[in-house]
Structures are given as C-alpha cells and as structure tokens.
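To keep things clear, I will list the structure first and then write my remarks on it.
Read-outs: derived from the displayed coordinates by stated rules, not from any lab. The shown structure was predicted, so the numbers you read here are calculated from the model rather than taken from an experiment. Neighbour counts are summed over all protein chains in view; Cβ atoms, including those assigned to glycine, are modelled from backbone coordinates with ideal geometry.
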Amino acid sequence: MKHVGAIAGRELASFFVSPVAYVVLTLWSVLAGTFFLSSLISFDQQLAQAAQLGAADFALRMNLNDGLITPFIGSMWIVLIFLVPAVTMGLFSSEKANGTDELLLTSPLSIWEIVLGKYLAGAAFVLLMTLVVAFFPGLLFLYGDPELGKTAAGLLGLLLVSLSYVAVGAFASSLTRNQLIAFVLTAVLLLVLGLMLPFIVEIGLGGSAAGQGAPVARAMAYLSTGGHFERLLTGLVETADLVYFFVVIGVCLLLAKTAIESVRWR
C-alpha cells in the first residue's frame, strides 16, 4: 500500500489540470453563499415576525442551529447529489478512454492501491468542499452563539455523505469508459440512494401504515442516506449511522475493485 499516497496525489493534481475542479468549486461556493444568505434572511424575518406578534416565548426558543445552520447544511446535501458525479466521473473512465488503464493494470501496483489512491483523491476534494461549507457557520461563531457540538455533527454528516458518494461515483466510473455515462449513472445511483428509496418502497406497498412497518420498508429506509444524515444534522451521533457510511464506502470500493479486476482478466 506504499503507492497509495502517490496515486492519490497524482489524481488530485489532475483534477486541477482540467477546468472541472474549478467549475465545481466555484459553483459549490456560490450555491453555499446563496443558501447561507437565504437561511440567514429567513431566520431574521422569523425573529422580526415573532417580535411584531409579541411571541417572546417563540423568539426565545429560536436558535441559530435549528433556524439557520441545519437548513443550510441540509440544502448543501442535495447539491452534493449533482456535483459529486462531476468530481468522480473521470476517476477510472478517463484512464479507459485514454488507454492508460492498461499501463496501470500491468504495472507493479495492486488493484487495491489503484482504487484506494483514486478514492482518496476524491475524498480530499470533497473534504475541501466541506471546509467551504464550514466557513459560513464559522462566521456565526464570531457574531453569535451557535451550539458547537450540533454544528460539528452536521458538518460531520455532510462529510460522511460526501465520502460515501465519492465511493459510489468511483464504482460507477469503473464500469464505463465514457465520462458522461459515468456522470449520469452516478447521479441516478445517488438520487436513488439518497432520496428515492423510501418513496419507491412506499409506492410499492401502497402507502399503508402496515406496509411502512414491513421489514422491506425498514430495510430500504436504512439503506437510504437521508435518515442517517438527518440524525447527524440534529446533533445525534450514533454508532449505527457511522457504521452505515463506512459500510457503504467499503462495499462500493470493493465493487469498483472487482470491476477493474475483471478487466485485467479479459
């Protein structure tokens, strides 16, 4: 595994050779600033309305985390579904398109070194994206008094979702040589995994209360990233949620390794 760092560094540098990294970071930063400002204005308006209506108790119960930071980080989670595919689409598909995958596969590098190196490059990139988001709540600590633990849990949730989505994208990229197909496939997988699984099951079971409590419905709800992320947003850090994200990452990287290994033996 001594070559993992070198592969990750090479792949991370390649992100910034193309305009994709700059476009993604610029769009991410602009959207983060827009959503943060929108949440801030909405929070201020709620406080003003509570003051006008004389609802002092309601105003006292409002806090920066529930009224501003949580909606802001939750909005950025949705954006991830559409931007992470742009980061991961070329991890393996670009090697296939350029014909350099054969050089990698015939080199002394192991498949795991290649997969982990490329994944760590994507992980470093989404860590940078998470730091951009963290900058905005950080401003509130200068002028307000948010809850540190709850804010950190929300950012941890965003980072874990990002890392999981990079693993899903790496798997999708390992299946094709076309970056556009890898982008679309990743976006579809993330939409299903992140948002649509519970709704698909609910529609399939007819929306009945008994159906929603069925083992299949509970299993699909567990497989969806939404519930795990929402618990972290509320400040609840549970081992089961952390294990879920690590399992998703491990399974997707194993699938990517299997897909690449199948090419070596063709």
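Only lysines eight or more places from LYS257 in sequence, or on another chain, were considered; those with a Cα closer than 17 Å are LYS96, LYS118. With the simple spin-label model, which puts each label point 7 Å out from Cα in the Cβ direction, the PHE141 to SER14 separation comes to 3.6 nm.
Were the residues from ALA48 through THR26 laid out at 0.36 nm apart, the gain over their Cα-Cα distance would be 4.6 nm.
Quick one: order ILE249, ILE69, ILE41 by neighbouring beta-carbon count within 10 Å, fewest to most. Walk me through the numbers on the way to the answer.
Working: ILE249 20, ILE69 25, ILE41 11.
The most exposed by this proxy come first: ILE41, ILE249, ILE69.
Take each peptide in 160-172, 71-83, count the other Cβ atoms within 10 Å of every residue, and average; sorted highest first, the result is 160-172, 71-83.
Counting neighbouring beta carbons within 10 Å and listing from fewest to most, the residues HIS3, HIS228 come out as HIS3, HIS228.
Can you put GLU230, GLU113 in order of Cβ neighbours within 10 angstrom, beginning with the fewest? Display every interim value, and only then the final one.
Values: GLU230 16, GLU113 20.
In order of increasing Cβ crowding within 10 Å: GLU230, GLU113.
Available extension along the chain between VAL132 and GLU261 is 42.9 nm, counting 0.36 nm per residue and deducting the alpha carbon span.
Annotation: amide H-H contacts under 5 Å for GLU147 (H modelled 1.01 Å from N, sequence separation of 5 or more, or interchain): ASN65. Fully extending the segment from ALA6 to SER38, taken as 0.36 nm per residue of separation minus the present Cα-Cα distance, adds 7.4 nm.
Nearest 0.05, what FRET efficiency do ILE78 and THR234 give at R0 = 25 Å with Cβ-Cβ as r? Could the numbers behind the result be given before it?
Numbers: r = 17 Å, r/R0 = 0.69.
Rounded to the nearest 0.05, the efficiency is 0.90.
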